[in-house]
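Have a look at the structure below, then the notes.
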Amino acid sequence: MGLAAARIWLPVSLAFLAAAMLAGVLVGPVDLGAVNVVRATFAHVFGLHSPLSGSDDAILWELRLPRVILAVLVGGTLAAAGAAYQGVFRNPLADPYLLGAAAGAGLGATVVVVYAPASSLTGDLLPLGAFVGAAIAVIAAYVLGRSAGGAAGPAALVLAGVTIASFLTALQTFVQQQHVDTVQEVYSWLLGRLATSGWREVGIVLPYAVVSWLVIIAHRRLLDVLSVGDDEAAALGVNVARVRLLVVAAATVATAAAVAVAGLIGFVGIIVPHTIRLLVGGSYRLLLPLSVIVGAGFLVFADVIARTILSPAELPIGVVTAFFGAPFFAVVLRTSRRPA
Amino acid sequence: MTALTLDRVSVSLGGARIVDGLSAEVASGEWVAVIGPNGAGKTTALRAVAGLVSYEGRVRVLEEDARTLARKHLARRVALVPQVPLIPGDITVRSYVMLGRTPHVGYLASERRSDHRAVDASLEQLDLLAFAQRRLDTLSGGERQRATLARALAQDAPILLLDEPTAALDMGRQQQVLEIVDRLRASRGLTVVSTMHDLTLAGQYADRLLLLDGGRLVASGTADEVLTRALITEHYGAEVEVVDAPGSGFVVVPVRRPS
């Protein structure tokens, strides 16, 4: 285990991600060709002449590539945040939305759709509304959890998250009930989507995702220490509250950014880390980097399916992650030979 | 040299006074057993020394006020083995023992070669090298207890706090664990403070006993001073005979009086 497992699984997961990204840029109504795609991508990065025609080059550079990169950032973020939450809360069912990020983002987006109906303005405000809603929800849950029982550890925080989420969901439902004409728009956003308008969404998520990945992965050893419980970790010299705050903050801010541009994409934060756990064990040293890589690849593949299976219509990506992710997880669970 | 000084230490939890004005000194290299009935405050007193509960009064660790020590520096001086350690589901014995090196590793750093050497030495001293790559949750109770001790040993702290180290072990395993602790105490010059329910074993292994009742220190001294029928009957509410077994110390035997 440890180094030996890393030598096997890191290359395997990187190959999975590369295959997913290649599929992401190749699959679509227009055949661009694998070699041309690779050459054109390098040409754009290094300022050279693209081998693709103008329209094909635009399909690659303005449509498919930003969408693939966005899926990489969102998928990696949701999986890493899920694994991190499961570590700091020692709760296998924790996901990135545990502290109310989903409910907050849902309310924020609903408010924007309902009260700022001018379509061009909505496009700009919706990610902001979702981000602010998610951030406020998690901060409120954290403050409530700490004040309710800092000594009670993670359970108080989780309960506070459930409380805040219930309250915000009730508010969102109320606002929606008052404006039933917007239900369709809100609902399609809630199910998640990766339709982009180019590199803008990538630019929104990129800094949050990268910083979040770095902070979470940097805490991989300390998340292993937390697995023996708050008390024993404290007796081993760890400032448990500080580690929890830093990891939760990093995971939450990136999750809020991901939700802001991609809506609510479920299951990634649960299925990906648990599948990796079943394959390589529970140490966060390997689990966290693998979660980023595999989560990224998983969401790229899910997006390929979402935009091709009912082509030219698109399936919400949240439906795909659930529809394919849950049975896949069940198969991994059944075939895993690791002792319980 | 004094390893540990408790100066009028009191702990209140949920409004109840669990430890009440406890004062005691433990010399370097000494083994002190904290005994007392259920709810006497034994575990809470250990947790106060380990900095896991807030307390009034003062705890001095190796001549320094424990409150002024950062958590990490306290953990380099004091290692705690809890009564029921939380066993992570998926961890090898070696990785578990490596957790003991936490106070010696920088916040975001990785373990160095010296940390690996310390873990190897701990595994060897507790005869666990053959189990190093086994999953912790596949070990027996006695083997797990040894792994927990190895983790505490890897912490390289001169003071070892043991909360009921023999709970849930059979008679043979109890003796083995206590012999290991005694051997380590001698070879590493450790100071040991352990809470113990088994009064006979406490008398056999510890240099001194502290008897707590209702959070207060009610007696302290060597086994022959503390393990008396009168004190045990008064504070445990138990009918016992204390037998002086030559060569083995005092044996506390529960007796059933005919009604």
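Side notes on the structure shown:
- Placing +1 on each Lys and Arg Cβ and -1 on each Asp and Glu Cβ, with no other charges, gives chain A a dipole about its Cα centre of roughly 980 debye.
- Relative compactness, segment B:132-259, computed as alpha-carbon Rg over 2.2 N^0.38 Å: 1.18
- Shielding score for A:52-63, defined as the mean number of other chain Cβ atoms within 10 Å: 0
- Computed FRET value (nearest 0.05) for B:Ser187 with B:Val218, which takes r as the C-beta separation and R₀ as 45 Å: 0.85
- Distance from segment B:149-196 to segment B:11-73 (C-alpha centre basis), Å: 18 Å
- Per-peptide average of other Cβ atoms within 10 Å, ordering B:210-221, B:176-187 highest first: B:210-221, B:176-187
- 0 to 90° range, to nearest 10: angle between helix B:113-125 axis and chain B longest Cα axis: 40 degrees
- Segment A:53-206 - Debye-derived log10 I(q)/I(0), Cα point model, q = 0.16, 0.19 Å⁻¹: -0.96, -1.18
- Dimensionless Rg over Rh [the protein assembly as shown; C-alpha; Kirkwood]: 1.09
- Each Lys or Arg adds one and each Asp or Glu takes one away; over the other residues whose Cβ falls under 10 Å from the Cβ of B:Leu86, this sums to -2.
- Think of the protein assembly as shown as a dipole: +1 on every Lys or Arg Cβ, -1 on every Asp or Glu Cβ, centred on the Cα centre; then among A:Ser13, A:Gly133, B:Gly51, A:Ser13 lies furthest on the positive end.
- For chain B, the Kirkwood hydrodynamic radius comes to 19.1 Å, computed from all pairs of different C-alpha atoms.
- When its C-alpha radius of gyration is set against 2.2 N^0.38 Å (N residues), segment A:218-301 gives a value of 1.21.
- Helical runs assigned H by DSSP (4 residues or longer) give the protein assembly as shown a calculated mean residue ellipticity at 222 nm of -18500 deg cm²/dmol, each run adding -39500 (n - 2.57) before division by the residue total.
- Projected over every direction and averaged, the convex hull enclosing the alpha-carbon atoms of segment A:1-87 yields 7.4 nm².
- Positive-end residue, the protein assembly as shown charge dipole about Cα centroid, Cβ charges, pick of A:Leu65, B:Leu160, A:Ala257: A:Leu65
- With Rh defined as the Kirkwood radius, the inverse of the mean 1/r over Cα pairs, the Rg/Rh of chain A is 0.98.
- Here the dipole of segment B:1-124 is about 260 debye; that uses its Cα centre as origin and unit charges on the Cβ of Lys and Arg (positive) and Asp and Glu (negative).
- Kirkwood Rh, angstrom, segment B:1-133 [1 / mean 1/r, Cα pairs]: 16.9 Å
- Under the membrane-span-like helix rule (DSSP H runs whose alpha carbons stretch at least 15 Å along the helix axis, mean Kyte-Doolittle hydropathy 0.0 or higher), chain A yields A:3-26, A:34-46, A:65-89, A:101-115, A:119-149, A:154-178, A:200-218, A:240-262, A:268-280, A:284-308, A:317-335.
- Judged by the ratio a/c of the largest to the smallest principal axis of the C-alpha gyration tensor, segment A:276-340 counts as oblate, that ratio being 1.5 or greater while a/b is no larger than b/c.
- Net lengthening on full extension, A:Ala249/A:Val30 (0.36 nm per residue, minus Cα-Cα): 74.7 nm
- Computed E for B:Ser23/A:Ala155 - FRET, C-beta separation, R0 35 angstrom, nearest 0.05: 0.50
- Distance (nanometres) between label positions extended 7 Å along Cα→Cβ at B:Ala245 and B:Thr138: 3.8 nm
- Computed label-point distance, nm, for sites A:Ala19 and A:Arg146 using a 7 Å Cα→Cβ extension: 4.5 nm
- Label-to-label distance, A:Trp199 versus A:Arg242, with points set 7 angstrom from Cα along the beta-carbon direction: 3.9 nm.
- Selected from A:Ala130, A:Ala94, A:Ala71 as most flexible by GNM, with chain A as the system and alpha-carbon contacts under 10 Å: A:Ala94
- Taking the number of Cβ atoms within 10 Å of each Cβ as an exposure proxy, the fewest-first ranking of A:Ile276, A:Ile136 is A:Ile136, A:Ile276.
- Charge sum, other residues only, whose C-beta stays under 10 Å from B:Ser110's C-beta, Lys/Arg counted +1 and Asp/Glu -1: +2
- Principal-axis tilt of helix B:141-154 within chain B, Cα atoms, nearest 10 degrees: 70 degrees
A short reminder: the numbers here are calculations on the coordinates, not readings from a lab. These numbers come from a predicted model, not from an experiment. Here the Cβ is made from the backbone with ideal geometry for all residues, glycine too, and neighbour counts use every protein chain on show.
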